[in-house]
1. Which trypsin sites (Lys or Arg not before Pro) in region 422-482 sit in a loop by DSSP (not H, G, I, E or B) and have at most 15 other Cβ atoms within 10 Å of their own Cβ?
2. Could you tell me how far the Cα centroid of region 310-359 sits from the Cα centroid of region 583-618, in Å?
3. Quick one: 3J(HN,Hα) in Hz for region 252-269, Karplus 6.51/-1.76/1.60 with θ = phi - 60°, rounded, Gly and Pro as x.
4. Return one whole number: the accessible area per residue of the chain in Å², for a 1.4 Å probe.
5. What angle, in degrees between 0 and 90 and rounded to the nearest 10, separates the Cα long axis of helix 458-489 from the longest principal axis of the Cα atoms of the chain?
6. What number, in percent, do you get for the relative contact order of region 547-642 if the mean sequence gap of Cα pairs under 8 Å and at least 6 apart is divided by its residue count?
7. Grab the beta carbon distance between residue 450 and residue 556, set R0 = 60 Å, and tell me the FRET efficiency rounded to 0.05.
8. Which net charge results when you count Lys and Arg as +1 and Asp and Glu as -1 among the other residues whose beta-carbon is under 9 Å from that of residue 247?
Amino acid sequence: MSGGGPPRKRNFKIEAFKHRVELDPKYAERTWKVLEHAIHEIYNHNASGLSFEELYRSAYNMVLHKYGEKLYNGLESTLTWRLKEISKSIEAAQGGLFLAELNAKWMDHNKALQMIRDILMYMDRTYVPTSHRTPVHELGLNLWRDHIIHHSMIHGRLLDTLLDLIHRERMGEVINRGLMRSITKMLMDLGPAVYQDDFEKPYLEVSASFYSGESQEFIECCDCGNYLKKAERRLNEEMERVSHYLDAGSEAKITSVVEKEMIANHMHRLVHMENSGLVNMLIDDKYEDLGRMYTLFRRVPDGLSTIRDMMTSYLRETGKQLVTDPERLKDPVEFVQCLLNEKDKHDKIISVAFGNDKTFQNALNSSFEFFINLNNRSPEFISLYVDDKLRKGLKGATEEDVEGILDKVMMLFRYLQEKDVFEKYYKQHLAKRLLSAKTVSDDAERSMIVKLKTECGYQFTSKLEGMFTDMKTSQDTMQDFYAKKSEELGDGPTLDVHILTTGSWPTQPSPPCTLPPEILVVCEKFRAYYLGTHSGRRLTWQTNMGTADIKATFGKGQKHELNVSTYQMCVLMLFNSNDGYTYKDIEQATEIPATDLKRCLQSLACVKGKNVLRKEPMSKDISEDDTFYFNDKFTSKLVKVKIGTVVAQKESEPEKQETRQRVEEDRKPQIEAAIVRIMKSRRVLDHNSIVAEVTKQLQARFLPNPVIIKKRIESLIEREFLERDKADRKLYRYLA
């Protein structure tokens, strides 16, 4: 018979013996007695006389001949009986011997289980899985749990003993950690549930109660720094305790208990603690205590935000006092130095104690931004601080020092909301430094401009850079002028002209004064040369910004070289032709504006050691009835005498108002340009959205006032750049 399919598989079957194997009816009982005796011998430490091979074979045969159940039940009842006997021995142990006895019996039980499991290995592999019974070793552990650990006379005593030992260790006593480790390991070996329910839960409850009481006791008698030290020590002790004799899983739970009871429950009281809380730590630069507070508080919910909020409110309060203190406002340089010192101090605290935490750095920055802008003179004062440093404050400083100071200033500059006001003042101060050649270093000046450019863009510094260009061009122009006209000029006064581009320099239109004839001749020659070289240009003399060096001879032939302003030169040159003039005469002859003339005469006649003129009547202030005489008796140890103009370092109130007005005027086109840019891209927009967008675009330079934005929108509607929507008056449309 043939077929195309694969050959059929044949099923093999092992059949039972045809004849029954007759077993001795007492076989099972007899064999079990041998095994039972062996188990007792093992527990009695007499295992050395047993033949494990024969015992294994006996157990094997019992299972093979279907007596597995008898063997298993016998084992269970024998172990139960042994453990009941063991429990009596453990109960009888007194005091400190209780744990040692329990541990010794546990060790014996474990060894016995190993041997019994080896003997009953065949039952473990065949009968136990098929009958769904508990494996031998596990059975031994469960029975130990039920008859020893959960024994009514042992269970409570074991827990009390363990908790008592831990309490004694907390109080400074030395305990047997090795024994503790063995007992807790036993509980873990009996199953995580045994360890957790019979030990860990009560342990955590007792610990919470202990630390609640101790923290209350500490907080009543310790200052904040000492309390934190004690809390840190307790936390470390608990972690060490876990590593020595508790289960690793307990660490997170016990540290959480300590954190809650010792830190979280008291953190508000700790930071506000009188004479030692967070504010005192900040004031006294207690880096170690602050670092400890940060480390401990970061472990609990809202811990760091508690420190941060307290630090922010302290910074804002102290900063507010600093920027509104009338005494500090008298000296702008000191004012800014105080701000920098505060910033350095708190930067170091955040770096050393708070691990350079970004959230703390942000809190510090927002606090500084808040209080620096409370004083609307901050932009002016920061510019004056830079002016002071670049005039004289950086003499002898290394390049790194200069960069460091400028970087710190830039940090304060970033906090300013009115950067355009700073720009106005910076331009004025830079102009004075350049024109009076008082800058300490061109490199430092350029470095500052590069920093401003990086921060605010090219537009911000283009005019400042233009001022430097003008200075260089002026130098070249003067060299060319003297090269071509030196013969024509002869021995007349030497002229050094700075040609300033209108728009780049912060020049105020001021009427030119009447220059002395000797000077006027040279000026006219320069004008003719310059306009001849550059067609289509106009020259206007800014006599209010110049300086002069003049030689003067006083009584007894004493000669001095006086460094004065152009106005002062005009006044002094009058005394070549006459010994005395009234105020009115001087005003008429020089045409110097009244306020400038009074300052000029005050510095020439009223400053001790610089009084080259004598005033009658003698007083500190200048009045229109005064008469001035050449002071023949003037003496000075110096050959070169610099006579500065009496001028306030800060702007006076009217000058401040004028500067503010100019700033507001400069802002109008910027706001309008921003509105047009936005409307061009969006076409239709409601009023509030325009205000938000304009503020966002311009906040790098200044914070525009919503009222001003509204006025600029009205102006653009009048000039037909925008129109109001016919249906909704709050909507604006862009007119192409």
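The values are calculated or read from the model by the stated rules, or taken from the named source; none is laboratory data. The structure displayed is predicted, hence computed values, not measured ones. Heads up, the Cβs are rebuilt from the backbone with ideal geometry, glycines too, and the neighbour counts pull from every protein chain shown. In case anyone asks, the SASA skips ligands and DNA or RNA and just uses the protein heavy atoms, side chains included. Shrake-Rupley method; radii C 1.70, N 1.55, O 1.52, S 1.80 Å.
1. On the way: sites: 424, 427, 432, 433, 438, 446, 451, 453, 463, 472; in loops: 438.
Passing both the DSSP loop test and the Cβ count: 438.
2. After rounding, the separation between the Cα centres reads 44 Å.
3. Values, residue by residue: 4, 6, 6, 5, 4, 5, 4, 4, 5, 6, 9, 10, 4, 6, 10, 5, 5, 5 Hz.
4. Numbers: 40050 Å² over 736 residues.
Result: 54 Å² per residue.
5. 30
6. Numbers: 134 pairs, mean separation 32.0, N = 96.
The normalised contact order for region 547-642 reaches 33 percent.
7. Efficiency at R0 = 60 Å is approximately 0.65.
8. On the way: positive: 185; negative: 200, 251.
So the environment of residue 247 carries a net charge of -1.
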